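Let me begin by presenting the structure, written as structure tokens, before commenting on it.
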Amino acid sequence: MTISRMVLVGFMGAGKSTVGRRLARKLGWRFVDMDAAIESKLGASVTDIFERYGEGRFRAMEEKTAEELLGEERIVIASGGGWAARPGRLAGMPDGTASVWLEVHPEEALRRVGHEAGRRPLLDVGDPLSAARSLLEERVEQYEEADLRVDTTGHSVDDVTERILEILEEHELDHDAE
Ligand code: S3P
């Protein structure tokens, strides 16, 4: 089957947005970051959305946004870390979708996201490392449902992107790759 869309999943700080943007450029596809799409729809940051409307409303927006994006072709989607964590989510992807789990250790995830404010209220707590560890433990089983799995800890964005492209070369891709 021809792959015509890719969805990157995994924990906060896994590099979904950075790698996704690079992959899309290489493939000549559109790139969309789900958090950014939700922020622009509601005109508020993820943290503000959590505070003003609650996590439930954010999750509903996430679901709706993903549904819209998964109807497109030649698109790379960077999902938010909680989107793929719902049981059964990755089993229900439309045909032609490759889901890629970018793995990261909690320590490395925190190092990567430490300097960015406004997007990750779930880590804005007294002990973010414990929060990251327990969230990741809860979610791993769902992330494991992805079609592909690429470890990112200790690897550059270029390495991770190349690795994904290598794996995908075994499949038929609808692309204008350089
Ligand atoms: C979340 C991850 C964030 C963002 C929100 C909730 C999560 O996205 O959607 O803070 O539940 O893991 P990133 O994975 O892009 O950081």
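Working only within the stretch 131-145, note down all residues that are of a type in the set (D, E, K, R) and in a helix (DSSP H, G or I).
R133, E137, E138, R139, E141
For the stretch 17-34: of the residues being under 11 Å from the mean Cα position of the chain (by Cα) and of a type in the set (A, V, I, L, M, F, W, C), which is nearest to the ligand (Cβ to nearest atom)?
Here the residue is M34.
Restricting attention to the stretch 89-116, and to residues there that are touching a residue at least 12 places away in the same chain (Cβ under 8 Å) and in a loop (DSSP other than H, G, I, E, B), which single residue is nearest to A131 (Cα to Cα)?
Out of the qualifying residues, it is H105.
So if I check each of R57, R74, R22, which one is in contact with a helix residue (DSSP H, G or I) (Cβ under 6 Å, 6 or more places away or on another chain), of a type in the set (D, E, K, R) and farther than 22 Å from S134 by Cβ?
R22
Of these, T97, T161, which one is surrounded by 13 or more Cβ atoms within 10 Å (Cβ to Cβ), out of contact with any Asp or Glu (no Cβ under 9 Å at 6 or more places or on another chain) and at pLDDT 95 or above?
Within the list T97, T161, the selection yields T161.
So K64 passes all but one of these: (1) within 16 Å of R119 (Cβ to Cβ); (2) surrounded by fewer than 21 Cβ atoms within 10 Å (Cβ to Cβ). Which condition number does it fail?
(1)
For G80, all conditions in the list (1) within 15 Å of the ligand (Cβ to nearest atom); (2) among the small types (G, A, S); (3) within 27 Å of I164 (Cβ to Cβ); (4) not in a loop (DSSP other than H, G, I, E, B) hold save one; what is the number of the exception?
(4)
The values are calculated or read from the model by the stated rules, or taken from the named source; none is laboratory data. Everything quoted here is computed from the prediction, not taken from an experiment. Methodologically, a virtual Cβ is constructed for each residue, glycine included, from the backbone with ideal geometry; neighbour enumeration extends over all protein chains shown.
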